[in-house]
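Questions regarding the structure given below will be posed in turn.
Laboratory data are not the source of any read-out in this text; all were calculated from the coordinates shown. Bear in mind the structure is a predicted one, so any value in this text is a computation, not a measurement. Don't worry about glycine lacking a Cβ; one is built from the backbone with ideal geometry, like all the others, and counts go over all protein chains shown.
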Amino acid sequence: MTPENEIITPKESLLRLRELIEAEQTTELLAFIESELYAADIAELAYDLQLEEVKFIMDAVEPNLAVDILKDMDTGVREKLLGLYDSEIIAHRYVDLMDSDDAVDLLNQLSLEVRDQVISMMTDQVSSRNIVSLLHYKEDVAGGLMAKEYIKVNINWTVSQCTDEIRLQAETVEKVYTTYVVDDLERLVGIVSLKSIILANARTKVEKIYTEDAISVNTHTPAEEVAQMMRKYDLIVLPVVDALGRLIGRITIDDVVDFMKEEADKDYQLLSGLAEDVEITDRVWILSRARLPWLLIGLLGGIASSRVIGLYEGELSAFPQMAFFMPLVAAMGGNAGVQSSAIVVQGLANNTLGSNNILPKLGKEFTVALLNGLICSVLILFYNLIVTQSEGLAYTVSIALLAAIVFASLLGMIVPLLLDKVKIDPALATGPFITTTNDLLGLGLYFGIGAMLLG
């Protein structure tokens with residue numbers, strides 16, 4: 001893309017692509033892509049193109065660009081696109097040109113039968129063995145994020161040997177971030193910078209210029225812990241070792257960013273009341289299936305709330321003004337509970353809510369809930385004393401609001417911790433579950449206090 005070219009909008013790019021595809025002007029299409037679009041741009045536009053139009057582009061561009069587009073493409077679009085190709089084309093045009101970690105991500109979107117066929121048709125046997133070894137790891141551990149392509153040197157080599165070996169290994173590594181140092185048993189002992197290699201004498205041994213303190217992770221280290229380590233230590237690449245300390249792979253920052261985005265999307269869907277990962281392009285039944293479970297739970301919560309109201313029908317008959325403040329108490333309790341659960345979930349996610357300092361932090365959250373509850377209850381008390389004719393109702397609403405905010409906040413703190421304890425995603429606590437429960441709790445407190453104060 002040349003700097004002097006005018007920047008065109010995504011909408012204009014989409015229209016231009018469609019014009020060229022419809023006219024089957026392959027040469028003009030390639031020229032337009034080369035001058036105006038990057039791989040990430042095409043991958044983004046693929047979401048709005050027809051599947052056959054996407055295939056036309058992928059077949060027209062050169063293989064390395066096609067691979068880059070495929071890596072950045074939306075998973076739903078990519079899965080449908082792969083369904084248009086046979087196993088041989090997937091193997092030779094895409095998988096053979098990918099790093100092992102990207103290849104595994106692609107293969108995991110295929111059926112087991114097609115995946116085995118693709119692997120068997122790969123031309124690079126070393127790459128196919130690396131891919132097979134990575135398929136054994138779960139996606140949420142370091143082994144599932146790592147790539148098998150990296151550069152290593154032996155601690156006993158000279159700088160001259162290192163230079164020759166780095167040139168040889170770099171042919172299979174797309175981006176050279178760092179050079180790892182291993183011993184004769186392939187155990188990771190440190191790293192050596194390219195600057196140190198360039199400045200050192202050709203006969204100097206690696207053991208004289210390498211750095212020992214190499215941060216690494218095990219293959220079964222949780223992916224969330226990997227992300228926290230890379231953020232904490234400001235790393236762009238992290239080596240992976242096996243149980244014996246042998247270097248077997250590396251994790252790059254782009255893979256961690258992708259994982260964090262997927263986790264954020266999943267948490268957002270959970271707190272929105274979606275039971276599974278869905279896209280707007282999915283079929284109606286799949287979208288309905290993802291939303292229906294929490295809607296049914298909300299329905300049951302509404303039925304339970306109506307039963308609570310029915311239990312206090314007498315109080316409502318005697319003091320019909322109580323009905324005016326039912327939505328207020330329920331909503332304020334629900335909001336307070338969601339706020340507290342969001343803070344706790346965030347603390348669990350970024351590991352700032354450790355077991356050694358959990359009580360002081362929970363105590364602080366309780367104090368905040370109490371303070372906010374007092375402020376809101378005093379404000380509603382003054383409002384009711386001015387507007388309503390009943391002091392009893394004013395005090396009932398005020399005390400019930402304070403109790404609802406405090407108890408809902410406590411529930412919002414405890415539920416995520418319990419879910420995390422039993423290995424369930426604590427983000428579930430910030431969704432409809434906590435709001436429905438707090439609505440029930442708020443109404444129960446409201447009518448219970450009203451029964452005591454109003455008789």
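Which values of log₁₀ I(q)/I(0), to two decimal places, follow from the Debye formula for the chain at q = 0.12 Å⁻¹ with a uniform point scatterer at every Cα?
These q points yield log10 I(q)/I(0) values of -1.10.
What spacing in nm lies between the two simple spin-label points modelled at L359 and L185, each 7 Å away from Cα in the Cβ direction?
In this crude spin-label approximation the distance works out to 4.4 nm.
Let me ask another. Among S398, S288, S196, which comes first, then next, by fewest other beta-carbon atoms within 10 Å?
Result, fewest neighbours first: S288, S196, S398.
Another question, then. Counting other Cβ atoms within 10 Å of each Cβ, which GluC sites (Glu not before Pro) in the stretch 1-70 have at most 12 and sit in a DSSP loop? Mind dumping the intermediate values first?
Working: sites: E4, E6, E12, E19, E22, E24, E28, E34, E36, E44, E52, E53; in loops: E4, E6, E24.
Sparse-neighbourhood loop GluC sites (Glu not before Pro): E4, E6, E24.
Something else: If eta is 1.567 mPa s and T is 4 °C, what Stokes-Einstein diffusion coefficient results for the stretch 138-256, Kirkwood Rh from Cα pairs, in µm²/s?
89 µm²/s
Going by C-beta contacts inside 10 Å, put V176, V104, V141 in order with the fewest on the left.
V176, V141, V104
Restricting to DSSP loop positions (anything but H, G, I, E, B) with no more than 16 other Cβ atoms inside 10 Å of their own Cβ, which trypsin sites (Lys or Arg not before Pro) remain in the stretch 125-168?
K138
Based on the mean of other Cβ atoms within 10 Å per residue, sort peptides 371-378, 68-75 so the most packed one is first.
Peptide ranking by packing, descending: 68-75, 371-378.
How many nm is it between the label spots at E28 and T9, if each spot is 7 Å from the Cα in line with the beta carbon?
With each label placed 7 Å out from Cα toward Cβ, I get 2.2 nm.
Same structure, new question: For the chain, what does the helix formula give at 222 nm: sum of -39500 (n - 2.57) over DSSP H segments with n ≥ 4, over the residue count, nearest 500 deg cm²/dmol?
-20000 deg cm²/dmol
Which order results if V338, V308, V206 are arranged by neighbouring Cβ count within 10 Å, fewest first?
In order of increasing Cβ crowding within 10 Å: V308, V338, V206.
Quick one: what does P(r) look like for the stretch 284-454 with 5 Å bins over all Cα pairs, in whole %?
1, 9, 16, 18, 17, 14, 11, 7, 5, 2, 0
Across the stretch 25-33, in residue order, what do the Karplus-derived ³J(HN,Hα) couplings come to in whole Hz, using 6.51 cos²θ - 1.76 cosθ + 1.60 with θ = phi - 60° and x for Gly and Pro?
Each residue of the stretch 25-33 in turn: 8, 5, 4, 5, 4, 5, 5, 5, 4 Hz.
List the relative contact order of the stretch 284-454 as a percent without decimals, with contacts defined as Cα pairs under 8 Å and 6+ residues apart.
Details: 197 pairs, mean separation 65.3, N = 171.
Relative contact order comes out at 38 percent.
Which GluC sites (Glu not before Pro) in the stretch 159-215 sit in a loop by DSSP (not H, G, I, E or B) and have at most 14 other Cβ atoms within 10 Å of their own Cβ?
In loop regions of the stretch 159-215 (DSSP not H, G, I, E or B), the sparsely surrounded GluC sites (Glu not before Pro) are E174, E212.
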